[in-house]
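No value in this document is a laboratory result; all are computed from the given coordinates. Note that the structure is a prediction, hence the values are computed from the model and not measured. Because the Cβ atoms are built from the backbone with ideal geometry, glycine has one as well, and the counts that use them run over all protein chains shown.
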Amino acid sequence: MNKLAQYGGSEGGSSTAEFALVLVPFMALVLGLIAMCTVLYFNATLQHAVEDSARWASIETVVGNGAPPSSTAVQAHFNKRYVGPTVDQFTYNSAAAESTCSTGAGTQTFHRVYAHAIFQFDAVLVSVPVGMQASACFP
């Protein structure tokens, strides 16, 4: 009985057991933060690429004596700037009305670029799709 009492009162290895209990939630938290930062980075690059493409289309229109670039040319420029998941929807409108781009209702037209992408966040047991979209207008 004395040996059993000594064994039950021993604290050797308790820190290892506590570490094992804390390790799983800690790693889930760290990996979740990394995934969230990745989504935020992809969203920022998507927004930047859309804004840059709308600005580029506007400049190309001025340089091209009023002829707007084609949608494929704008998308090619966008693809050079964008780093992230595959874009599943991309639209370019070279004659967007002012009412769709700002609060005004004037007659000025805008170059409007819109893109939508889905980032698949793969957790251990589930896969969560995170939709990202961005649009930009430039006169």
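Going by the conditions given, is S94 over 30 Å from V128 (Cα atoms), of a type in the set (G, A, S) and free of Cβ contacts under 8 Å to residues at least 40 places away in the same chain? Before the answer, list the steps.
Details: over 30 Å from V128 (Cα atoms): yes; of a type in the set (G, A, S): yes; free of Cβ contacts under 8 Å to residues at least 40 places away in the same chain: yes.
Here the answer is yes, as S94 does meet what is asked.
From the list P129, P139, which residue is in contact with a strand residue (DSSP E or B) (Cβ under 6 Å, 6 or more places away or on another chain) and surrounded by 11 or more Cβ atoms within 10 Å (Cβ to Cβ)? Lay out the reasoning, then the answer.
Details: P129 fails: surrounded by 11 or more Cβ atoms within 10 Å (Cβ to Cβ).
The unique qualifying residue is P139.
Do you know which of the residues in region 83-106 that are in contact with a helix residue (DSSP H, G or I) (Cβ under 7 Å, 6 or more places away or on another chain) and not in a strand (DSSP E or B) is farthest from M36 (Cα to Cα)? Spell out how you get there, then give the answer.
Filtering region 83-106 for residues in contact with a helix residue (DSSP H, G or I) (Cβ under 7 Å, 6 or more places away or on another chain) gives 83-85, 90, 92, 94, 104-106.
Cutting the leftovers down to not in a strand (DSSP E or B) gives us 83-85, 104-106.
Details: V83: 16, G84: 14, P85: 14, G104: 36, A105: 38, G106: 40 Å.
It comes out as G106.
I'm told V83 meets every condition in (1) of a type outside the set (D, E, K, R); (2) touching a strand residue (DSSP E or B) at 6+ places or on another chain (Cβ under 8 Å); (3) touching a residue at least 40 places away in the same chain (Cβ under 8 Å) except one. Can you identify the failing condition by its number?
Only one criterion is unmet by V83, namely (2).
Is there a residue in region 23-38 that is surrounded by 18 or more Cβ atoms within 10 Å (Cβ to Cβ), touching a residue at least 40 places away in the same chain (Cβ under 8 Å) and either closer than 30 Å to L125 by Cα or touching a Ser or Thr at 6+ places or on another chain (Cβ under 9 Å) (or both)?
no
Inspect region 61-74 for any residue being loosely packed, with under 10 Cβ neighbours inside 10 Å, touching a residue at least 12 places away in the same chain (Cβ under 8 Å) and not in a helix (DSSP H, G or I) and give the result as yes or no.
The answer is no; no qualifying residue exists.
Could you tell me whether any residue of region 107-115 is small (G, A, S), touching a strand residue (DSSP E or B) at 6+ places or on another chain (Cβ under 8 Å) and part of a strand (DSSP E or B)?
yes
Looking at V130, V50, V113, which one is in contact (Cβ under 8 Å) with a residue 60 or more places away in the chain and more than 30 Å from G32 (Cβ to Cβ)?
Answer to the selection: V113.
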